[in-house]
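The values are calculated or read from the model by the stated rules, or taken from the named source; none is laboratory data. Quantities reported herein were computed from a predicted structural model and do not represent experimental measurements. Every residue, glycine among them, receives a Cβ derived from its backbone with ideal geometry; neighbour counts consider all protein chains shown. Heads up: the accessible areas ignore ligands, DNA and RNA and are worked out on the full protein's heavy atoms, side chains in. Shrake-Rupley method; radii C 1.70, N 1.55, O 1.52, S 1.80 Å.
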Amino acid sequence: LAQAQDANLGRNLAATCANCHGTNGQARGDSRPLAGVSAEKIIAALNDFRSGALPATIMHQISKGYTDDQIKLIAAYFAAQPAKP
């Protein structure tokens, strides 16, 4: 219930992704941009990292640190961000 009351929770959770994926998902360098990617694609990728179906250097560990509800909030936040042209 506390999560539903915090309108900024998705943004706050997504902020932990900024080191690699950039502020608001506007990645630079080799990291994938997340801004504007559909929530479904982000959720599917995180679940694939969790299961080991998608190879990763660190994302398999990071993805296991979030609950399903937290992943949905993160995915919704990034999906709502404008993609870089």
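Rounding to the nearest 20 debye, state how big the charge dipole of the chain is about its Cα centre with +1 on each Lys and Arg Cβ and -1 on each Asp and Glu Cβ.
Using Cβ point charges on Lys, Arg, Asp and Glu, the chain gives about 200 debye.
Contour minus end-to-end for Gln26 and Asp69, with contour as 0.36 nm per residue of separation and end-to-end as the Cα-Cα distance?
Taking 0.36 nm per residue and subtracting the Cα distance, the gain is 13.2 nm.
Can you give me the % of accessible surface on the chain that is carbon or sulfur? Probe 1.4 Å, all protein chains present, nothing else counted. Walk me through the numbers before you get to the answer.
Working: 3120 of 5680 Å².
The computed percentage sits at 55.
Under a 1.4 Å probe, what is the accessible area of the chain per residue, stated in Å²?
Details: 5680 Å² over 85 residues.
I get 67 Å² per residue for the chain.
Need one word for the chain: rounded, prolate or oblate. Basis is the Cα gyration tensor (sqrt eigenvalues a ≥ b ≥ c); a/c below 1.5 gives rounded, then a/b vs b/c decides.
Oblate.
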